[in-house]
Every structure is written in C-alpha cells, then in structure tokens.
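Structure first, commentary second.
The values are calculated or read from the model by the stated rules, or taken from the named source; none is laboratory data. Just so you know, these numbers come straight off a predicted model, no measurement behind them. For neighbour counting, all protein chains shown are included, and Cβ atoms are generated from backbone atoms with ideal geometry for every residue, glycine included. Surface accessibility is based on the protein's heavy atoms, side chains included, excluding ligands, DNA and RNA. Shrake-Rupley method; radii C 1.70, N 1.55, O 1.52, S 1.80 Å.
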Amino acid sequence: MSAYNQNFVPPAAGTANGNQGISLVNGLPGAVPHHQQQPPPAAAAPASAQQYLQQKAQQQQQQFQQPPAQPYPGISSNSSLPPPPLQFNSNIANKFLPPSSTSANNGGPPPSTLPQHLRPPTANGPTSLTNGSNGAPSANSSRTASPGLIGAPQLGGLPAMPQNPQYAHGAPLPAAVPQQSQSVASLTSSMHQMNLNRTNGPSANTAPPPQQLPPQQQQQQLPLANPMAGSFMGSKPPNLNPSASRVIGGPPTVGGVQPAPVPAAGQRIMYGGAPGSNEQQSQNQQNNNLQRAAPPPGAGAAWPPSLPKAAVPGLPPPMQTQQPQAQSAPFAPQQPQNAAQSAPFAPPQQYQYGQAYQQPLHQPPLPQQQQHQPPPPTGMFGAQPSSTPLQYQSQQPPPSMQPQGQHPYAQPQPTSGPPQLGAPVPLNVAQQGFSRLWGQDTIDLMQNRHILSPATLPAPKVVLHNQFHESINCSPSIMRCTVTKIPETNSLLQKSRLPLGIVIHPFRDVNNLPVIQCINIVRCRLCRTYINPFVYFVDSKMWKCNLCYRVNELPEDFQFDPATKTYGDVTRRPEVRSSTIEFIAPSEYMLRPPQPAMYLFLFDVSIIAQQSGYLEAACSVLNRHLDEMPGDARTQVGFICYDSFVHFYSMAEGLNQPHEMTLLDIDDPFLPRPDSLLVNLKECKELVRDLLKLLPKRFAHTHDPGSALGAALQVAFKLMQSSGGRITVFQACLPNKGPGALEPREDPNNRSAKDVAHLNPATDFYKRFALECSGYQIACDLFLMNQQYSDMATISGISKHSGGCVHHFPLYQKTKQHMVDSFRMCFKRYLTRKIGFEAVMRIRCTRGLQVHTFHGNFFVRSTDLLSLPNVNPDAGYGMQISYEESLTDVKTICFQAALLYTNSEGERRIRVHTVCLPVTSSLPEVMHSADTEAIIGLLSKMAVDRSIASNLSDARDAFINATIDVFNAFKIAQNLPSGQSGQLIAPRSLALMPLYILGLLKHPAFRVGTSTRLDDRVYAMDCMKTLPLDQLMKFVYPELYKIDGLIYHARNSNASTTEEDDEEDPLPELPRLQLSAEHLDSRSIFLMDCGQLIMLYVGLNVPPDVLEAVLGISSTAELGDYVYGLPHIVSAEYDILQRFLLRLNYDKPYSALVQIIRDTSTAKGQFIERLTDDRSESSLSYYEFLQHIRAQVK
C-alpha cells in the first residue's frame, strides 16, 4: 500500500499555478533544460510542462545505458507501492527512475510509476502541484516531501516525517521563486566549487561567499562532529565510494542504490563526514563545541526563524565557489555523481504526546568508516553562527516540534561567520557532563514540562572540599540554608535575588543522638559558641573559634575520650565528631530548679461542643494514654470546663470522687481554692480516670450556648504561674462570654473574593495573655473543633506568642468516623510525644552575618534569643539572615543553633546543631547552589507575615515577583540573550521553583477565586509558619504515585521466594508523578500523600483480581462515596501496600488517614482539586504559569 503525507492535498483539476508560473513535481521547482544557456528573467514564464518533461525524458535515456526493467525486483511497474525516495539535481531531473521505452513512440513523457497523487502534471492533468492552501507552490518540506520516504515493506517501513507546527493550520506557505541554474554537465563538473545559498523565500540580493580560510585556520576554528552523535550528523563530504558501509540505522539499499531524501525548502544540504586521520580526530575532539539546537518556544509554536536549520544528511553540500552566477539558484540542490554515493537517511519517528518531553534515546555507534571524520571548513555555507544560548543548547526539542527534515537526535552543523556580541560559546559533551556532575547544568522549563524527577528532588549537597566535614555536616532534615554557597558580599546576594535564610527543626526526633555529660562544656569565651567539628585546633591545648576566630584554651579533661576511656587525641571527642549533639547541662545553666511536667486541660462544654461529641473522644484517648504522658514522679495534671461559667474539679486526698466547683463571676475570675486543682498524677490516677469517665455524661444534657474562654484562660494562668507548664485548650465555637468575647466577622458570601479581610486579630486580649504566659514559662496549645466560624485569627494568638501549637478539625462530628479517627491519632501523638519545658534557643552566625527576622511560634526575648516555654518535636522555625560586613576573607561560614530546655524527667539539657557552608564570589555558583525547598519554606513564612501586615494580594504578587526576579538574575548571571526567545532557562537547582510557587498560589492559605472558609485559611497560614520543611512540602505539593509497580513486584517476588526466606524484599522505588490528570489511568490505582491525609484513587477499569487482592472487593461499584481506612486482606499485594504506607508515614508525627476514592465518587473533587498542575476556573495551569513567567522575564 502507498503511504503519503496527510498534509499533501493535490490541486483541483484545471487550477492555475498562482503567479509564480512554476511547474512542480513532488513540490520542487521544475528544471530548465540543460541545453538552455541563457535562462529567462525571473518574471518570464518557463516553457510548458509537456515540453519540459519531454526534454527531461531524453536526458534520462542518455544517462542510463542499461535501465532495469522495474524499479524494484519482484514488483511490477503498476504496483501501488511507492518508488524509492527521489534524489534531485539542481533541477528536478530524477536519475534514479528508469526511462520507459514508450516515450519515444508517442513523443510524450514516459508512463509514470509514481502513485496517482504524485504523478507529473501531464499524467494527472495540466495543473501544477500546490500545497492545498491558496494555489501557490509550496517551498516547505512538510507539505511537499516525497511520500516515497514513507517506505514500502521492502524498504523497512520508515515512519512518516513529523509535521511542521508552523503551517499546521493551513496558512499559506512561502512560494519557491525560480532562479537561474546551470546545466547538468556544468553542475557535475563544478560540484566541488559550487556555493549554494538556499533561502526560505524570494531573495533578490544574495550574500557574497565568505572568504576562504587557509586549511590551518580552518582546522583551528572548526569543531569536530560529536562522536556520540548519530549517523546523520557528519559535517564533511564523505569519500564517495560505492563500497562504503551503510550507516547503522539508515534505510536499506535497493540494487546498490541507497535512497536519499527530498530536500526541504530552506534547508542546507550537507554530507555525512569522511574518514580522517587519528591525529586530526584527537585534536578536533579537544575542540569539540557542537551543541544541539535550542528547543522551540513551546507546544504548537513555530520553530524560531533565527535558529539554524539542521542539515539533511545524505545529500551533497553546497561548495564554496568564486562564481557569482552560481548563487542565482538558491533553491537548486546539487546532484551527486553517483546514486550509490549518497549517504542513507532515516526520517524521524513519530512520537506520541506523552513521549514529547522524554529524553531522546542513545544513538547507535557510527560505522568504522565514519568514526573519524574531520569537520567541514568554517564558513563554507556562508551561514551565521547559532544564536542559541550555550546554557540551554543541550535541551532537545520534542520530535513533533522539530523542523521538517531534521532527525530528532541530529545536531545542527557548525556554522561560520564573525562572532556576534554576546554570542555563547557552545559546550562539548564532556563539558555538559561535568556541568551535570557539578550541579551546574541548566534546563528549559518550557520544553521540559514534566520536571519532577529524582534529579531535581534531593537537597543540594554541600561541598566543603573536606570529606570528613562533608560527612559530619548537619543533616538537611534539621537545618537547611536557602543556598549551599554563601555570597561573599551583600551586593552579590542582591544580584542573585535569592532570599538568604535558614529553616530549622531543632527538637526533631533523632536516632543515635550523642549525649555527653561533662564538668566543663567547652565554649568560646568571646561569642559563647559551643565547640563543634568545624573549629581549628592550633595544638592539643588551643582551638580557634569558627564564628568569631578567637583562640581559646582547652580544659585539661578535654583530652579524655569518654568513648574509649583514654587520654589522647582531642579530635576523637564526640563534640568534634558530630554536628548534632546534646549536653547534660550543669547547675550554672539553671536559674531555678527544673520544673516538673505540668498539664492543664480546658474543655469547652457549650451546647455546640456537646453536639459535636468531641469531649467523649478526647476523654477516651486521654484516659487510655495517661500513663504514656512524658513526666516523672512529680507530674501534675488538672481539668477545667467552661460554658457560660467556669467549672473546677478538686481531687484532694480523702475524696472518693472528684468534687466540682462552679465560678459564676466570669468578669472577675478567681481561684476557688489554691490547692487540689492540680494534683499529682501518680498519686491521684484513679480519681483522674473517674473524672475522665464522668465528664462526657456530666454535660450531655446541658443547653448553654455560652463560651467563656477568656475567663477560663485567666484562672488557668493563675493556677499555673507558680510553676509553668502546658495549657491545652479545646474550643468548639466562637467565644461570646466574659473577657475576650468576640463577634462574628466572616461574610460567607465573600469567601472567594480577591481581597480577604479579617486576617488580623479582632482584639489583642489573647496576644497579651500569651505574652504574659511566656514570661512565666507557660505555653498554650489550641484544638479547634468548630462547626461554624470561630475567629481563629484572634484566638490562635494564645499559641502563636507562647510557643504553642494549633490543631484544627473543621466541621467535626462524632458521626463522621474518619474525623474521629484522625482526631484520635493526632491527640495521641500530642499526649505521648516528648516535650521540652522552659526552653530558650539562640542562633549564632559567623562574624559578618546576623539574624534579623524570625518566623514561628515564640516570643523574641532579645535580638537573637527566642523564648519557648514549650518546645515540641513537630515545630519548625525560619530565620532571615542579613550582612554586617563582607565575607571576602573567609572560605566557610557556620550557623549554630543551641536549644536549652528541661526535659520531662527534670534534666536541663542543651541540644546543639552546627552547619558549615562554603563562601563564593561567583554569581552563577550562587544561583546553582540554591535550595528550592528551603527557599519555598522561607518564602511561605514571609508571605504569611506579608498577608497579615498588608493584604493577601500583595503576598501573591510577591510570590510571582520573587520567581521573576530569580529567573532574571539567572539570565544576567549566565549572559543569556534578552528578549522573548520562547524559552525559560533555569538552573536545575531552581527547576522546581515555579512548580512549588504555583502550589502555594493554589493552596488554601493564599488562593483566591475559590470559596475558602476564613478559619481554614488562617489555619493553613499557621501551618506555613510552624510545620517542619519535610511536612511543609507535602502540605504545599502532595506526592503522587502509581502503585501498579508495587502490585507487580509483590506478585513476582511472591512467585520467586520460598517460605524459608526470612528477609523482607526491599520496596521498589516508585517514581513521583506531577499533579496532573494526564497521568491518571482508569486501569490503575494512584496514591496521593498530602501529609495528614493519604488518598487512594481507584480507576474505573482496575482488574478485579487487583481489587480483590488490595481492597477485598470484586468491583469498584462496591466502594461507597466516602470510604476511609484499608480493610485487612491476607495477600502479598496488601502487605506490600501496607509497607509502602509505613514508609510514607515514617517521618510524620502520626500515621495519615487513608481515604479511598473511586473514579465516579462524589468525593472525587477532593482529589481533583489537589492536581495543581491543571487549570481550574480561577487559576492557571502549570504550563500557562510558565508562559506568564517567561513573558515577564526580560
């Protein structure tokens, strides 16, 4: 069967050939008879098509002495299969088709063996071939390329050429302009002196040939073709030898003749390379500067006309000449002397949409004859050098968007011309490899839309050029800086437009934490820095501080190694072998005896709270885990309930049950009795358990709508101020009684407005209360279980300024079992996690840097001292760093965080974290060392403060402006050309920044245009300020996985293992998918990890055996709309899924709730709204956001 180009449309019968008057065969201009010495002017019409074809038939008979009987062995001349690809001379004469013997009898052209839609005009009618748009002849190869390239089965069935997106909508194509040409004999004899100047349209004035350089200069200037390139990337005419081996991957030869492609209009025609000497090969390999062409601007965009067109291999290249008349035929391709001498050509393959952004496959190696090819002389084609910036020339455009006639893996040929101002120097393959190895490679985000990959996800490595220091540097999970190379001056930092700061998780649960107890803790006498692995030991008795550079003395006992119980090398001490260490503090670090663990619980028992049913769940969890609460024998606990009044519970000695006391005067609250309200947990445990069982029943039938939160807080402060401790508040409605009473402020009809109001507190009552608590080492934690607006922006102040935490469970109902389970897991973690009392934290920096802004829940006691009445392992903090002086004289800088706290056993401890970073004076190094996740963590905290201080629109604009500024700075740092080039170039370290910024813009904390409750927005902002970085990133951009690989692995491993195998198979590494619906498949199951919630999305056509093995059902119809939790199934697939969930939950505070969503469920919207890469009614898609950023980058 005959395959042909879909874009090819034969003209209607009787159609004239436009104004050009050119007779076309297969889309190329007709040739002038070779005996015509003086061609007519450009405006004159050529001879008729019939006379022209008769003359060309005579030429064909003269050139072929023994014509074969048929074009293909075993194929008749009237077969529907297409002929082999045509090879054209400077005119249209085809010397590869045998002449017919009937042409002499009738005086006309020979019968054509071409398919009907490719026959000459005399065979199909008197009309000329057009491009199907406006009757004008086409000069674009996408519409006029010979269908013979789409090979028959005997030719290997080569795939079709990709379409040119520039003319994908039927736009008129540039017409070929007839030019003067020489005869066939003249072209053959002067083939090595011809200079072709092919253009893409009419050209009245052709450029003069460039000056021929001496061979020595050519050898010095010219780069060598990439040795890793494919078979069609040579750049010098080969040794035309019929016995040369066929290039690997090319089409097969027929009868010793290798087919050649039809040259596309406007393309430069080049040979494959000829073999050269090994000496020249090795010398040119050192100067290899070939780069791939820059990718097109985006999907559907036309190839930039300024970029060089790739050469069509297998056709003779234009040769340099001194004859000006040879330039008068810019569209005339040159004919080789022998058809067997032309190099084979493999047309590019058609790729599916999903493959357009994948990396190209490796090309097969070159044959032996073509592995040593010297480059062509520079300037032999008179082309201009590539204007493509060097930083992204390595990016490969999708095959569907490449110029017609160019193979998707072929590289552009080196061109000549004077170097332009600011023109980049191409990188060779070795330089690209080193750039990738050093983390300094770049990527075009417009062309690589699926950027989420293992290469971009891990934190950048800190390079200190000291293996020991790199191995013991502080873990990125504890402390990370926004850049891994610090700019040496403030001006350099301003040029990079990157924020400088650190994000820290100081009280994180750490395995194998070294704990040291010693008499003297070694610290610098000037800046009070703790000794750490990055100090310099002058000798065995002196050390130099790495922050202030003061030389200090070492105590004598420092030479004793507690691990080996021996004296000797000071560098073997644990303090200088670990960047995270904990000291047991001596008595001089205590202002008072360590306080006991004190816990006071405040329960809202108003009618709304009773309807929600939270009190029953809270008392049940507290009663179950009472023994697991951190503390020692001195631990005390107390309970207060409040509605319109405040209720106290006395558990004094001698009482058989708790005694309730009610305070009616809430405007001037006081303690009814000073003792027995806080009791020793160990001594009164039975009374405490009885009280927890009675409380849900005690207020089950009350109908009091009041909530006197302010009065309850005041009496709680009076109860705790003598010792300090933790107050846990459960609130279910808006406080409306007594001190701190509030009024509703939210307008439900204005939840999707662009201007969000009431983000600031309505009163400073709760803030002043928190500051007062902070002075007495009291922290307040808030659990908001509201069903209606409760003004979290105001009441959350009790936690923000006292070092507490906030938990929110909106629309909580005891009938919603998934919400009850989520609350139980969260409250269990809250009760049993470790806690630090009366803590302070100080951040120290190397001389020249200082901390100027803090982010988190705390009270700033001094310029660098944070007051943390309570510190918990789930709290994170952020700090912005500024310059005091230049760092030009130092090579590294250090940040040290010291947390002094009292643990639940009453021990005073100091946890120290130290991170060391190099200093650089190079702007590109600063840009390539950026830590995207740390930047996002710091920017999100800064945006929350901006939203509260100004408005939400300013914070959203700040996100976009920060992204634009960073990309502008990188463009300047890399000397990229200005203007709209259709590309958005980023260092790989910042490749994910637009993706995460878009996630922030669509997050409930900062989104607009989508209905968002005010309390939900305020809670999301609080999470931005307090979550550790690893949890924050899942909160901003969830993780999406396709779990088919787990099921496949379980079935294969189950079949290959035996019962004697005790070792557990490692889990397969599943690739992360970007949050787009294009990755969803109805035959698969997808898992989305949102942090506190994990969603299992079940496709409609998942195989029944998979459903049975994983979910215990035979059809998705058995799943309800809202299903939570996995059923227990005995299967290998279920076990491996549970192991994968355990790995996801390993670093989380508590296990996430699992929700199962089928494809047709009403809960599908919860899954779809988290696909941030897709477009929504009020927000852009990821690709549209990239286009917006690209338009703003100048």
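Structure notes:
- Whole-percent pair-distance distribution, where bins are 5 Å wide, for the alpha carbons of the range 668-736: 3, 12, 17, 22, 25, 15, 5, 0
- Close amide-amide hydrogen proximity is noted between residue 501 and 482, 483, 881, each under 5 Å apart and 5 or more residues distant or on a separate chain (H modeled in the peptide plane; Pro and chain starts excluded).
- The range 1006-1128: relative contact order in percent, alpha carbon pairs under 8 Å with at least 6 residues between: 22 percent
- Every pair of different Cα atoms in the range 825-891 enters the Kirkwood calculation, which places the hydrodynamic radius at 14.1 Å.
- Inter-probe distance in nm under a simple model that places probes 7 Å from Cα toward Cβ, at residue 1124 and residue 557: 5.4 nm
- Taking the range 1141-1167 and a reference point 7 angstrom along Cα→Cβ of residue 811, the backbone N atoms nearer than 18 Å belong to 1153-1158, 1161-1167.
- FRET efficiency for the pair residue 1164 and residue 1135, taken as 1/(1 + (r/R0)^6) with r the Cβ-Cβ distance and R0 = 25 Å, rounds to 0.35.
- The range 757-872 - convex hull of the alpha-carbon atoms, volume per residue in Å³: 137 Å³
- Length gained on full extension, residue 475 to residue 457, computed as 0.36 nm times the residue gap minus the Cα-Cα distance: 4.9 nm.
- Radius 14 Å from Cβ of residue 954, net charge of other residues (Lys, Arg +1; Asp, Glu -1): 0
- Its alpha carbons give the range 553-618 an Rg and a Dmax of 24.7, 70 Å.
- Volume per residue that the Cα convex hull of the range 683-793 spans, once the total is divided by residue count, Å³: 131 Å³
- Label-point separation in nm, residue 567 to residue 537, each point 7 Å along Cα→Cβ: 1.5 nm
- Where 702, 914 fall by accessible area, highest first, once all protein chains stay in place (1.4 Å): 702, 914
- Think of the range 800-908 as having a plus end and a minus end, set by charges on the Cβ of Lys, Arg, Asp and Glu; of 873, 898, 848, 873 sits farthest toward the positive end of this dipole.
- Long-range amide H partners of residue 663 with built H, under 5 Å: 646, 647, 648
- For residue 560, the accessible area of its heavy atoms, probed at 1.4 Å with every protein chain present, is near 60 square angstrom.
- Check: the range 647-796 dipole with +1 on Lys, Arg Cβ and -1 on Asp, Glu Cβ, in debye: 400 debye
- Probe 1.4 Å - accessible area at residue 1135, Å² to nearest ten: 80 Å²
- Sites residue 465 and residue 1065 - FRET efficiency at Förster radius 60 Å, r taken between beta-carbons, to 0.05: 0.95
- Distance between the pseudo-spin-label points of residue 697 and residue 632 (7 Å out from Cα toward the beta carbon): 3.8 nm.
- Förster radius 45 Å - calculated FRET efficiency between residue 834 and residue 1105 (Cβ-Cβ, nearest 0.05): 0.50
- Positive-end residue of 611, 595, 626, charge dipole of the range 590-649 with Cβ unit charges: 595
- Chain lengthening between residue 683 and residue 660 when straightened (0.36 nm per residue, less Cα-Cα): 6.4 nm
- Counting every alpha-carbon pair across the range 883-1005, the share separated by more than 20 Å comes to 61%.
- With the Kirkwood sum run over all distinct C-alpha pairs, the range 615-674 has a hydrodynamic radius of 13.8 Å.
- Temperature 37 °C, viscosity 0.692 mPa s: under these conditions the Stokes-Einstein estimate for the range 939-984, based on its Kirkwood radius over C-alpha pairs, is 273 µm² per second.
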